[in-house]
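Structure, as structure tokens:
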Amino acid sequence: MTENNSKSITIIKPKTSDDLKKVMTNLKTEFDLKYNNDEPSLSSDRLNEFQFLTILGQGAFGVVKLIKHNTTEKFYAVKIISKERIVKSKQIFHCINEKKILRSLNYPFVVYLEFSLKDNSYVYFCMPFVNGGEMFTHLRKAKKFEEELSKFYAAQVFMALDYIHNLGMIYRDLKPENIMIDYRGFIKVTDFGFCKPIKDRTYTLCGTPEYLAPEVIKNKGYGQSADWWSFGILIFEMSSGYSPFAVGHPDQMQLLERICIGKYRMSTSFGKELKSLISNILQIDLTRRFGNLKNGSEDIKTHPWFNDTDWVALYNQEIKPPFIPKLTGPGDYSQFDEYEDVKLKIAHTCVFEKEFADF
Ligand SMILES: Nc1ncnc2c1ncn2[C@@H]1O[C@H](COP(=O)(O)OP(=O)(O)O)[C@@H](O)[C@H]1O
Ligand SMILES: [Mg+2]
């Protein structure tokens, strides 16, 4: 199996925050190298080497299944998307880009591509199986997280976004459904379907309504600061159990209006520092939003709410997670919701071969 050799550039274990900065520079070089030297996907015959076990998730574009390799007994989560669906929704660029990005990523708090495949009808993204389930599931179960747990997750999401931005990318789909918890209790951001390189601004309206930044809704162009807005929404939701602009009914227009005015009520249960950080991030005025000022992400990292966060120890995953999912082994999928099986219909001849030549 030609697996993603994602540890190709040696990174000495960082000991100081200066080391962390050097790591970031190395990771950017490594990413660029891989991103610009794409490799073709494996032949679909290789799928015969796997057992298909269950469905882990169902998203807008496809299905994610749990598979196990017959000989190595390793588990993978494989995201399967129909080429026809991609073509019909004009997402060919996004899909090929998702593969290029996923295979180039290498960071403790993001998933990566082990290998990809394509057959007559589908494309397959095979990632390591992150078996602790979605943050979404745990948040619904717990109603809300204690501030300590919120902060532990927020700090990792912060580092993941900072890494993605440092690569010159924008993520655009931050939400608890896309944050997986691993067996130890650390997070991994998944779903790079909307992630793309960004020079200055972009215009496409995409993401999830509750998490959309006002400048995304207003359609006048937006940049990486939109991810920091979503980060503010995430911290709010983790710490309170609800989204700051939620209207409690399905009328999305009202939700979007509220976001554009920036009108929300701070939860009284939040501590002083948490309130301060959230109000600095949920700023509709971009010249005042944390993450978008002259010090960039540093303003968030050095905010008093994170005063007791040891960033180096966190990067090295040497902090004891406050919550550890209950699991019986690497193939335990009990933390995932149940889904009805989705049968794949593979055509006899290859469809959209030209469109997916680069996949
Ligand atoms: N590496 C993974 N390990 C375990 N589950 C995963 C993994 N990647 C995705 N999933 C599950 O599949 C769901 C859908 O995957 P995602 O990449 O978010 O697709 P979509 O673009 O359709 O939202 C996720 O919310 C999660 O539950
Ligand atoms: Mg998703």
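Just so you know, all these numbers are worked out from the coordinates, no wet-lab data involved. Predicted model, so just to flag it, every value in this text is computed and none were measured. Here the Cβ positions follow ideal geometry from the backbone for every residue, glycine too, while neighbour counts run over all protein chains shown.
The table below gives the values:
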item	result
CD proxy at 222 nm, helix term only [per DSSP H run n ≥ 4: -39500 (n - 2.57); per residue of the chain; nearest 500]	-9500 deg cm²/dmol
Extent along principal axes [Cα atoms of segment 107-250; Å; largest to smallest]	44, 41, 32
Packing-based ranking, highest mean first, of 148-160, 318-330 given that Cβ atoms within 10 Å are counted	148-160, 318-330
Length released on extending from W311 to E146, taking residue separation times 0.36 nm less the Cα-Cα span	57.4 nm
Computed lengthening from K354 to D337, 0.36 nm per intervening residue step minus Cα-Cα distance	2.5 nm
Whole-Hz ³J(HN,Hα) from phi, Karplus 6.51 cos²θ - 1.76 cosθ + 1.60, for segment 98-106, glycine and proline x	4, 5, 4, 5, 4, 6, 9, 6, 7
Added length on full extension, which subtracts the Cα-Cα distance from 0.36 nm per residue, N70 to K90	3.6 nm
Cα centroid of segment 118-162 to Cα centroid of segment 244-289, whole Å	22
Distance from segment 300-335 to segment 59-77 (C-alpha centre basis), Å	24
Long-range amide H partners of L42 with built H, under 5 Å	S116, L117, K118
Selection from C195, Q252, V351 lying farthest towards where the dipole of the chain points positive, charges on Cβ	Q252
Signed unit charges on C-beta, dipole axis of the chain, positive-most listed residue S240, A213, F115	A213
Scaled radius of gyration (Cα, divided by 2.2 N^0.38 Å) that the chain gives	0.98
